[in-house]
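**Q** Dropping a structure here in structure tokens format, bear with me for questions.
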Amino acid sequence: MNPQPDIRRMTLADLDAVVALDRLSFTDPWPYSSWRGMFEDPHARVWVVATSVVEGTPEFVTPHTQKIIGALAVWLILDELHIGTIAVHPDYRRQGLGAALLEMGIRAGLAEGAKVVHLEVRKSNLSAQRLYERFGFKRVGERKRYYSDNREDAVLMSTPVGDEYLRWLDGDRSGTW
Ligand SMILES: CC(C)(COP(=O)(O)OP(=O)(O)OC[C@H]1O[C@@H](n2cnc3c(N)ncnc32)[C@H](O)[C@@H]1OP(=O)(O)O)[C@@H](O)C(=O)NCCC(=O)NCCS
């Protein structure tokens, strides 16, 4: 049996796998140089979901036998956390990994002093919008023809975060944030 997927910070050894996952997940993936550049950007934080590809022998698993099945890239600028991109490999979707990744990124941002989280999402991407709504994000605007590949509009979503938000995250999350 595979061990539980591990959510951890991206390392250089993960770079090719993250680029491949991004290309599989988006019609407008980031160029390799953008992912590489995240390691030099002091505002950038990248998280990955890694799982072992070795069946039945978890005691022998090393980082090099891991498969990258999710990635989240964010920027923290002063007290604003911006979600740059999030993706889960198609074979592993609807298992809670996207939510776990997003929560990890938001909690880490909160620990570093974030007070608000922003993102853009394609107007047609309702599954991602549902995910963000589950974390209390609200639609706060639109950017017309934001995406260059098909000129699709972006929906801007945002949520304030802070001590109260952390209590909501830690609690049963009843009620809407
Ligand atoms: C968006 C994405 C990251 C979600 O990852 P995931 O691991 O499947 O998400 P989770 O299983 O954690 O789902 C969490 C919640 O998000 C919502 N959601 C996720 N996928 C959904 C879908 N296909 N339809 C409707 N709601 C969906 C649901 O509210 C879900 O909760 P539920 O399963 O209890 O109903 C994934 O679909 C993906 O990689 N998509 C392609 C890349 C992309 O569009 N990224 C977003 C860019 S803004």
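The values are calculated or read from the model by the stated rules, or taken from the named source; none is laboratory data. Everything numeric in this text was worked out from a predicted model, so none of it was measured. When we count neighbours, we look across all protein chains shown, and the Cβ atoms used for this are built from the backbone with ideal geometry, even at glycine. To get the accessible areas, we keep the full protein, side chains included, count just its heavy atoms, and leave off ligands, DNA and RNA. Shrake-Rupley method; radii C 1.70, N 1.55, O 1.52, S 1.80 Å.
**Q** Hey, among A114, A128, which residue is open to solvent by less than 30 Å² (accessible area, probe 1.4 Å) and more than 26 Å from T51 (Cβ to Cβ)?
**A** A114
**Q** Further question on the same structure: How about region 108-129: which of its residues are more than 7 Å from the ligand (Cβ to nearest atom), of a type in the set (V, I, T) and under 14 Å from the mean Cα position of the chain (by Cα)?
**A** If the condition is that a residue be more than 7 Å from the ligand (Cβ to nearest atom), of a type in the set (V, I, T) and under 14 Å from the mean Cα position of the chain (by Cα), then V117 is the only one that fits.
**Q** Which one of the conditions (1) closer than 15 Å to T27 by Cα; (2) within 15 Å of the chain's Cα centre (by Cα) does Y132 fail to meet, given that it meets all the rest?
**A** (1)
**Q** Oh, and also: Search region 100-120 for residues that are under 18 Å from G171 (Cβ atoms) and pair each with any residue that is in a helix (DSSP H, G or I) and of a type in the set (A, V, I, L, M) when their beta-carbon atoms are under 9 Å apart and the residues are at least 6 apart or on different chains.
**A** Listed by first residue and then by second, the contacts come to L102/L131; E103/L169; I106/L169; R107/L166; R107/L169; L110/L166; L110/L169.
**Q** Separate question: Go through region 1-34 and give me each residue that's open to solvent by 60 Å² or more (accessible area, probe 1.4 Å), in a helix (DSSP H, G or I) and polar (S, T, N, Q).
**A** S33
**Q** Consider R93 carefully, then state whether it is open to solvent by 30 Å² or more (accessible area, probe 1.4 Å) and near the ligand (Cβ under 9 Å from one of its atoms).
**A** yes
**Q** Test of understanding: among G84, G98, G105, which residue is in contact with a Phe, Trp or Tyr (Cβ under 7 Å, 6 or more places away or on another chain) and either assigned to a strand (DSSP E or B) or within 6 Å of the ligand (Cβ to nearest atom) (or both)?
**A** Residue meeting the stated conditions: G84.
**Q** Return the residues of region 35-54 that are surrounded by 17 or more Cβ atoms within 10 Å (Cβ to Cβ) and closer than 24 Å to R107 by Cα; say none if nothing qualifies.
**A** W35, M38, A44, R45, V46, W47, V48, V49, A50, T51
**Q** Within region 63-90, can you find the residues that are open to solvent by 60 Å² or more (accessible area, probe 1.4 Å) and closer than 18 Å to R8 by Cβ?
**A** Selection gives P63, H64, K67.
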